[in-house]
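Heads up, the thing below is written out as structure tokens.
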Amino acid sequence: MQAPFPLPRPLDIGPAMLRLTEIKLPLDHEPDAIRAAVLRRLRIPASDLASVAVFKRTHDARKKSAIVFIYSLDVTLRDEAAILKRFAGDPQVRPSPDMEYRLVARAPERSERRPVVIGAGPCGLFAGLILAQMGFRPIILDRGKVVRERTKDTWGLWRRSVLNPESNVQFGEGGAGTFSDGKLYSQIKDPRFLGRKVLTEFVKTGAPEEILIDTHPHIGTFRLVTMVESLRKTIESLGGEYRFQSRVDDLDIETHGGRRRVRAVVLADGTRVAADHVVLAPGHSARDTFEMLVAHGVDIEAKPFSIGFRIEHPQSLIDRARYGKSIKALGAADYRLVHHASNGRSVYSFCMCPGGTVVAATSEAGRVATNGMSQYSRNERNANAGIVVGITPADFPGHALAGIELQRKWEARAFEAGGGTYAAPAQLVGDFLAGRASTSLGGVVPSYRPGVMLTDLSSCLPDYAIAAIREALPAFGRQIPGFDMADAVLTGVETRTSSPIRIRRNDDFESVNTIGLYPAGEGAGFAGGILSAAVDGIKVAEAVAHSVAASLALA
């Protein structure tokens, strides 16, 4: 979302400021209108107002004829105490919280065994960054390649139908979030403002400062590439070490007196990396890693996730439905939709990408999986989102990895339905609702590469999911006129919405049955998206630091 003029820059917020919320102004307001609104709200003369900074900005588009910006502002005043006393009990006038991040520990000089981080996605990156900032010199292992080489391999699938199972949308520097919309918001509880730490570090790497202000910030793939590289350089400058193309195939787990403890990780080439503290952040598609953990008896359980299709509409249709027209100041419009189907299933939109593309996201040969991606500009012709159905372990009973078996089944079915070339099966919404195969496209040109094969998608998901989506689409059309338009395109399948497993951990972020193993991020079942994964990485890094300090104190 681009501002029509430069906004007051966010400041390093301390406890001496006041925060004002719910300040509403028209989209075309002048720059000085923000300051004037503060004066009116607090009923003070201009001489009493020292500074104004925008903390957050969103918009209210429920009335398309009167869309407004809504600001949260941090202000400094000549007499803050008097204002707080006057507005005591007003929830919209409060002291600004202290959001500064403070490292919880410093690595002792006699700490010789370096922590190991498995995975260089958002969680692993921030676990590594925080450990490096504390002086622990982490070793970061990733099965894939550096981000620019990985990008070439990813384009190899998209342009030439050539899959590299170790370097693709899922695996490599930056993780799956690198090839996404780059959304940087989450619904997690964050009383310590760790999300602010993440955003601040991103701005240091070159991300636009607007991400500190917008309620729903995003970056886009091209910017994420350079940011991931910059984070790597920072970690290395602090003593951290990266090892790419270093897939972890085994763990050395020592058992003594009934207690299991990690002693090393073993790479695919046989290299043994000694470690007493291992941050396990492999991402949600590291299926072979999960199989290895189960073989070692690490406590893993199945968890709910979702499956479905990607849907594409003209972005202009979404803009009209949300705003009445395209509004430059607001950027491309998005949406969030939920429908509770009569068969008991919940159907909802997932990872909505305004002005983006549908991408090939498989990491295994002979399977098709889709995802959505967009650049910072969000100026592609189509809007796309996952339309997915929630499923639970009751739908795939048997064992902890049964959800992976279910994913593989439907991804293999999609590969077959797409012609066996990594093309994806697709169907027009009108044909999907009518229960007939599509034979030609309408006005919406699908963006998926290496291409689509028109077919009947009803064979690409379980019957209960097909029934729920067929019921949901007309319901969504009542919320967004045209959403169930006949020419809209469904592309299958979306199965990597979140991890199908959870690696159980205790309150100290450590595996419940393996000392020194710290399951983290989306792959371990504790996050969903870039920001929440990065925040989880920070928490786990702090837990590792506390553990190292405690072990040295006992030595």
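The values are calculated or read from the model by the stated rules, or taken from the named source; none is laboratory data. Just so it is clear, the structure is predicted and the values come from calculations on it, not from any experiment. No Cβ is skipped: glycine too gets one built from the backbone with ideal geometry, and neighbour counts run over all protein chains shown.
Looking only at segment 502-519, decide whether some residue is modelled with pLDDT of 95 or more, of a type in the set (Lys, Arg) and in a helix (DSSP H, G or I). No.
Residues in segment 315-340 that are within 16 Å of Ala475 (Cα to Cα), part of a loop (DSSP other than H, G, I, E, B) and among the hydrophobic types (A, V, I, L, M, F, W, C): Leu337 only. The single residue among Lys24, Lys56 that is at pLDDT 95 or above and within 27 Å of the chain's Cα centre (by Cα) turns out to be Lys56. The C-beta contact set for segment 198-221 (first residue acidic (Asp, Glu), second residue in a helix (DSSP H, G or I), distance under 8 angstrom, 6+ apart or interchain) comprises Glu201/Phe126; Glu201/Leu129; Glu201/Leu231; Glu209/Val203. Could you tell me whether segment 102-113 includes any residue that is at pLDDT 95 or above, under 26 Å from Phe222 (Cα atoms) and not acidic (Asp, Glu)? So far as segment 102-113 goes, no, none of its residues is at pLDDT 95 or above, under 26 Å from Phe222 (Cα atoms) and not acidic (Asp, Glu).
Only one of the numbered conditions (1) among the charged types (D, E, K, R); (2) over 28 Å from Ser547 (Cβ atoms); (3) surrounded by 18 or more Cβ atoms within 10 Å (Cβ to Cβ) is not met by Asp276, and that is (2). Taking the criterion of being over 21 Å from the mean Cα position of the chain (by Cα) and not in a loop (DSSP other than H, G, I, E, B), the residues of segment 383-400 that qualify are Pro393, Ala394, Asp395. At least 1 residues being in the same structural domain as Cys351 (by TED's automatic domain parsing) and surrounded by fewer than 17 Cβ atoms within 10 Å (Cβ to Cβ) is the threshold, and among the strands (runs of 3 or more DSSP E) wholly inside segment 403-501 those reaching it are 452-454. If only residues of segment 85-111 that are touching a Lys or Arg at 6+ places or on another chain (Cβ under 6 Å) and not hydrophobic (A, V, I, L, M, F, W, C) are counted, the one that is nearest to Val540 (Cα to Cα) is Tyr101.
Within the bounds of segment 285-294, is there any residue that is outside any loop (DSSP other than H, G, I, E, B) and touching an Asp or Glu at 6+ places or on another chain (Cβ under 6 Å)? Scanning segment 285-294 turns up no residue that is outside any loop (DSSP other than H, G, I, E, B) and touching an Asp or Glu at 6+ places or on another chain (Cβ under 6 Å).
Condition check ((1) buried (at least 24 other Cβ atoms within 10 Å of the Cβ); (2) free of Cβ contacts under 8 Å to residues at least 24 places away in the same chain; (3) under 19 Å from Val544 (Cα atoms)) across all residues:
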{"site": "Arg114", "(1), (2), (3)": "no, no, yes"}
{"site": "Ala120", "(1), (2), (3)": "yes, no, yes"}
{"site": "Ala127", "(1), (2), (3)": "yes, no, yes"}
{"site": "Asp142", "(1), (2), (3)": "yes, no, no"}
{"site": "Lys145", "(1), (2), (3)": "no, no, no"}
{"site": "Lys152", "(1), (2), (3)": "no, yes, no"}
{"site": "Glu166", "(1), (2), (3)": "no, no, no"}
{"site": "Glu173", "(1), (2), (3)": "yes, no, no"}
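This table checks each residue for (1) crowded, with 21+ Cβ neighbours inside 10 Å; (2) under 28 Å from Asp463 (Cα atoms); (3) of a type in the set (A, V, I, L, M, F, W, C); (4) free of Cβ contacts under 8 Å to residues at least 60 places away in the same chain.
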{"site": "Gly324", "(1), (2), (3), (4)": "no, no, no, no"}
{"site": "Val338", "(1), (2), (3), (4)": "no, yes, yes, yes"}
{"site": "Val358", "(1), (2), (3), (4)": "yes, yes, yes, no"}
{"site": "Val368", "(1), (2), (3), (4)": "yes, yes, yes, no"}
